[in-house]
Amino acid sequence: MEFHQIDERNQALLSKIAVDDGHGENSPYFDGWKAYDNDPFHPEDNPLGVIQMGLAENQLSFDMIVDWIRKHPEASICTPKGLERFKSIANFQDYHGLPEFRNGIASFMGKVRGGRVQFDPSRIVMGGGATGASETVIFCLADPGDAFLVPSPYYAAFDRDLKWRTRAQIIRVHCNSSNNFQVTKAALEIAYKKAQEANIKVKGVIITNPSNPLGTTYDRDTLKTLVTFVNQHDIHLICDEIYSATVFKAPTFISIAQIVEEMEHCKKELIHILYSLSKDMGLPGFRVGIIYSYNDVVVRRARQMSSFGLVSSQTQHLLAAMLSDEDFVDKFLAENSKRLAERHARFTKELDKMGITCLNSNAGVFVWMDLRRLLKDQTFKAEMELWRVIINEVKLNVSPGSSFHVTEPGWFRVCFANMDDNTVDVALNRIHSFVENIDKKEDNTVAMPSKTRRRENKLRLSFSFSGRRYDEGNVLNSPHTMSPHSPLVIAKN
């Protein structure tokens with residue numbers, strides 16, 4: 001049975017939120033997931049299936065967490081050694097959260113930032129994953145119709161997380177490759193002026209640091225520029241720092257919390273941090289979202305709102321024990337960074353051999369891949385044509401730059417930390433064969449008459465990579481059933 005069709009009767013019966021498309025499901029970002037769900041790769045059962053490279057998960061250090069749990073069965077209330085706490089934990093429902101959980105989160109956040117800043121456990125507010133935490137902050141800061149400035153490219157699902165139910169708006173701060181997509185004061189002022197001219201009330205700026213999809217970190221000067229900007233306009237600054245422990249090479253990560261302490265004239269009540277364990281520890285299914293605000297009213301109101309999306313007490317109990325083990329945390333952070341660095345270096349090195357470059361990055365679980373030279377022309381239409389070939393024929397789910405609202409066609413986000421080494425090999429081999437095929441076609445057009453060459457260029461992306469043909473719209477057909485790992489049912493990737 002299909003549930004995605006909304007007929008005229010339901011249009012009249014249901015709320016506007018229930019019948020609109022604010023979830024953003026009809027975007028290339030989610031369409032790639034549908035293609036994967038319809039034909040998922042498996043090394044034995046389906047070796048020609050779609051490889052999932054659109055999932056921003058960190059699965060490289062899961063063995064360390066599993067090993068810790070084996071050694072500490074008392075951390076779970078569902079083991080013989082942990083049963084004595086079962087009743088008290090199962091009955092706990094205070095939206096403040098377990099004190100030991102908040103202490104553990106605050107300690108972990110400090111360690112991730114190299115001990116350069118400390119966090120107050122009393123300001124830790126829980127949310128149902130980073131998605132729930134993000135939405136809660138927007139509910140606290142904005143009324144329907146109010147807007148936030150967000151540098152682009154930005155996380156594709158922000159359109160859902162920040163806008164859908166809150167009815168807030170996003171105004172893009174356009175960044176480009178000429179300066180590696182860095183945010184500038186001039187770009188901020190242009191976006192702010194645009195909002196004023198449209199009679200839109202701007203309530204703040206939202207950044208992701210480290211950046212999704214760029215995999216880069218903000219430098220100290222840019223962060224100070226952002227703080228100065230929000231101070232001058234008396235608006236908020238929300239810093240999504242959920243990838244802060246995925247930094248694997250210099251420069252080191254600088255948290256907005258450090259800047260708050262360094263700047264003499266900083267309106268702390270305007271600064272808010274979003275955090276999660278989904279990326280840094282690879283635990284998205286635990287739905288641990290964190291709000292850390294320097295505004296007392298936001299802390300109080302967000303905590304009350306968290307009743308709609310709490311972290312289960314069982315999860316809090318387990319993580320409190322794990323995060324309080326300082327020796328484990330230190331080893332995990334060091335080893336996780338090392339493994340990310342090795343995977344990133346291997347992946348980008350192989351791409352470089354194929355003539356494919358990526359934005360120079362130092363964090364995250366993905367690369368920002370530059371395929372502009374493979375476009376038949378520099379348009380987003382050409383980007384979508386290339387993406388359909390990659391999805392349908394190369395059988396890789398990569399995310400096109402247009403889904404992140406980048407201003408230049410030809411960029412793609414490719415995730416590298418959600419698979420094992422053998423799957424990486426398969427993916428790289430597919431990319432190599434794909435590029436080699438295109439290069440051969442280009443070589444064959446050199447000696448052609450101009451009319452023939454133009455016709456060949458138009459067809460350069462239509463070759464059958466897998467030996468099978470697909471209708472251009474095939475990838476856009478939603479599956480009858482969704483994978484349990486799909487972002488259509490699990491948020492914030």
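Points to keep in mind about this one:
- Cβ pairs under 8 Å, 6+ apart, first in region 181-207 and touching a residue at least 24 places away in the same chain (Cβ under 8 Å), second open to solvent by 60 Å² or more (accessible area, probe 1.4 Å) and part of a helix (DSSP H, G or I): VAL202/GLN196
- Residue match in region 214-234 (condition: farther than 26 Å from MET281 by Cβ and part of a strand (DSSP E or B)): no
- Some residue of region 327-340 being among the small types (Gly, Ala, Ser) and in contact with a strand residue (DSSP E or B) (Cβ under 6 Å, 6 or more places away or on another chain): no
- Condition check for SER61: small (Gly, Ala, Ser), closer than 20 Å to ALA320 by Cβ and without any contact (Cβ under 8 Å) to a residue 12 or more places away in the chain: no
Condition check ((1) within 15 Å of VAL298 (Cα to Cα); (2) at pLDDT below 95; (3) out of contact with any Cys (no Cβ under 8 Å at 6 or more places or on another chain)) across all residues:
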| site | (1), (2), (3) |
| --- | --- |
| ILE105 | no, no, yes |
| GLY129 | no, yes, yes |
| LEU141 | yes, no, yes |
| PRO151 | no, no, no |
| LEU162 | no, yes, yes |
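- Within region 273-284, the presence of a residue that is assigned to a loop (DSSP other than H, G, I, E, B), at pLDDT 95 or above, farther than 11 Å from ALA363 by Cβ and open to solvent by less than 40 Å² (accessible area, probe 1.4 Å) is excluded.
- The set of residues from region 293-324 being open to solvent by 10 Å² or more (accessible area, probe 1.4 Å) and under 19 Å from THR208 (Cα atoms) comprises just one member, TYR294.
- For GLY128, the test of being more than 30 Å from GLU189 (Cα to Cα) and either within 24 Å of the chain's Cα centre (by Cα) or touching a residue at least 60 places away in the same chain (Cβ under 8 Å) (or both) is passed.
- Scanning region 375-386 for residues that are modelled with pLDDT under 95 and surrounded by 22 or more Cβ atoms within 10 Å (Cβ to Cβ) yields a total of 0.
- With a requirement of 3 or more residues that are open to solvent by 40 Å² or more (accessible area, probe 1.4 Å), the helices (runs of 4 or more DSSP H) lying completely within region 96-201 that satisfy it span 99-112, 185-197.
- Restricting ILE235, ILE254 to residues that are open to solvent by less than 10 Å² (accessible area, probe 1.4 Å), assigned by the TED database to the domain that holds GLY82 and modelled with pLDDT of 95 or more narrows the list to ILE235.
- Cβ-Cβ distances below 6 Å connect the following pairs, each with a first residue in region 230-252 that is without any contact (Cβ under 8 Å) to a residue 40 or more places away in the chain, a second residue that is part of a loop (DSSP other than H, G, I, E, B) and surrounded by fewer than 21 Cβ atoms within 10 Å (Cβ to Cβ), and a separation of six or more residues or different chains: ASN231/LYS267.
- Pairs meeting the criteria (first residue in region 411-424 and over 11 Å from HIS344 (Cβ atoms), second residue open to solvent by 10 Å² or more (accessible area, probe 1.4 Å) and of a type in the set (S, T, N, Q), beta carbons under 6 Å, at least 6 apart or on different chains) are ASN418/GLN59.
- Test: residue in region 30-45 that is outside any helix (DSSP H, G or I) and either among the aromatic types (Phe, Trp, Tyr) or outside the structural domain of PHE404 (by the TED database) (or both): yes
- If you filter region 66-95 down to residues that are in a loop (DSSP other than H, G, I, E, B) and under 30 Å from the mean Cα position of the chain (by Cα), you find that the one that is surrounded by the most Cβ atoms within 10 Å (Cβ to Cβ) is SER76.
- Looking at VAL367, VAL299, just one residue is outside the structural domain of GLU57 (by the TED database) and modelled with pLDDT of 95 or more, and that residue is VAL299.
The values are calculated or read from the model by the stated rules, or taken from the named source; none is laboratory data. Nothing here was measured: the structure is a model prediction, and the numbers come from that model. Glycine also receives a Cβ, built like all others from the backbone with ideal geometry; neighbour counts cover every protein chain displayed. The accessibility values were calculated without ligands, DNA or RNA, using every heavy atom of the protein model including side chains. Shrake-Rupley method; radii C 1.70, N 1.55, O 1.52, S 1.80 Å.
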